[in-house]
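The values are calculated or read from the model by the stated rules, or taken from the named source; none is laboratory data. None of these values were measured; they are calculated from a predicted model. Cβ: placed from backbone, ideal geometry, glycine included. Neighbour counts: every protein chain shown. We work out accessible area using only protein heavy atoms, side chains counted, and drop any ligands, DNA or RNA first. Shrake-Rupley method; radii C 1.70, N 1.55, O 1.52, S 1.80 Å.
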Amino acid sequence: MALTELPAGAAGRVCSLNGEAEVCQRLREMGFCESAIIEKISGRSTLLCQICGMRVALGEGVAKFIMVELIRG
(Lines give C-alpha, C1' and ligand atoms only; values in the text may rest on other atoms or scores of the structure.)
Protein backbone atom coordinates (compact mmCIF):
# COMPACT_ATOMS: atom_id res chain seq x y z
CA MET A 1 0.00 0.00 0.00
CA ALA A 2 1.04 3.60 -0.46
CA LEU A 3 2.12 5.58 2.60
CA THR A 4 -0.97 7.75 2.09
CA GLU A 5 -3.12 4.66 2.83
CA LEU A 6 -1.32 3.74 6.07
CA PRO A 7 -3.56 4.58 9.04
CA ALA A 8 -2.41 7.29 11.47
CA GLY A 9 -0.57 5.72 14.39
CA ALA A 10 0.45 2.66 12.37
CA ALA A 11 3.98 1.58 11.47
CA GLY A 12 5.15 0.17 8.18
CA ARG A 13 8.26 -1.01 6.40
CA VAL A 14 9.23 0.72 3.18
CA CYS A 15 9.03 -1.85 0.37
CA SER A 16 9.79 0.31 -2.65
CA LEU A 17 9.91 3.82 -4.00
CA ASN A 18 8.07 4.55 -7.23
CA GLY A 19 8.27 7.69 -9.32
CA GLU A 20 10.92 9.77 -11.00
CA ALA A 21 14.55 9.01 -10.20
CA GLU A 22 15.17 12.47 -8.71
CA VAL A 23 12.22 12.12 -6.31
CA CYS A 24 13.29 8.63 -5.25
CA GLN A 25 16.88 9.78 -4.69
CA ARG A 26 15.73 12.70 -2.51
CA LEU A 27 13.49 10.38 -0.47
CA ARG A 28 16.42 8.01 0.11
CA GLU A 29 18.55 10.96 1.25
CA MET A 30 15.81 11.78 3.77
CA GLY A 31 15.90 8.21 5.16
CA PHE A 32 13.03 6.63 3.21
CA CYS A 33 15.17 3.69 2.08
CA GLU A 34 13.85 0.24 1.30
CA SER A 35 13.35 -1.74 4.56
CA ALA A 36 13.27 1.43 6.73
CA ILE A 37 10.60 1.49 9.44
CA ILE A 38 8.24 4.45 9.29
CA GLU A 39 5.46 5.53 11.63
CA LYS A 40 2.67 7.69 10.27
CA ILE A 41 1.78 10.14 13.01
CA SER A 42 -1.02 12.06 11.32
CA GLY A 43 -2.30 13.68 8.17
CA ARG A 44 -4.01 13.24 4.84
CA SER A 45 -2.91 15.95 2.40
CA THR A 46 0.23 16.64 4.45
CA LEU A 47 1.56 13.62 6.32
CA LEU A 48 3.64 13.77 9.47
CA CYS A 49 5.88 10.72 9.77
CA GLN A 50 8.65 9.54 12.03
CA ILE A 51 11.62 7.81 10.44
CA CYS A 52 15.19 7.28 11.66
CA GLY A 53 14.37 9.12 14.89
CA MET A 54 13.21 12.32 13.20
CA ARG A 55 9.85 13.73 12.17
CA VAL A 56 9.29 14.58 8.54
CA ALA A 57 6.32 16.25 6.83
CA LEU A 58 5.51 15.03 3.32
CA GLY A 59 2.96 16.21 0.80
CA GLU A 60 0.46 13.69 -0.51
CA GLY A 61 1.95 13.94 -4.01
CA VAL A 62 5.31 12.62 -2.77
CA ALA A 63 3.96 10.22 -0.13
CA LYS A 64 2.00 8.26 -2.74
CA PHE A 65 5.33 7.12 -4.26
CA ILE A 66 6.38 5.38 -1.02
CA MET A 67 5.09 1.79 -0.89
CA VAL A 68 4.93 0.25 2.58
CA GLU A 69 3.83 -2.96 4.25
CA LEU A 70 1.94 -2.73 7.52
CA ILE A 71 3.91 -4.10 10.46
CA ARG A 72 1.98 -2.57 13.38
CA GLY A 73 -1.33 -0.88 13.29
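The share of accessible area on segment 1-72 that comes from carbon and sulfur is 51 percent, using a 1.4 angstrom probe. The simple spin-label model puts a point 7 Å past each Cα toward its Cβ; for Ser45 and Arg72 those points are separated by 3.1 nm.
Entry comment: accessible area of the chain is 56 Å² per residue, from protein heavy atoms only and a probe of 1.4 Å.
Estimated at 0.36 nm per residue, the fully extended path between Met30 and Cys15 surpasses their Cα-Cα distance by 3.8 nm. The trypsin sites (Lys or Arg not before Pro) of the chain that DSSP puts in a loop, and whose beta carbon has at most 12 other beta carbons within 10 Å, are Arg44. Entry for segment 1-72 at q = 0.13, 0.21 Å⁻¹: log10 I(q)/I(0) = -0.28, -0.78, Debye formula applied to identical alpha-carbon scatterers, no solvent contribution. Projecting the Cα atoms of Ser42, Asn18, Leu70 onto the dipole axis of segment 1-72, where Lys and Arg carry +1 and Asp and Glu carry -1 at the beta carbon, places Ser42 farthest toward the positive end.
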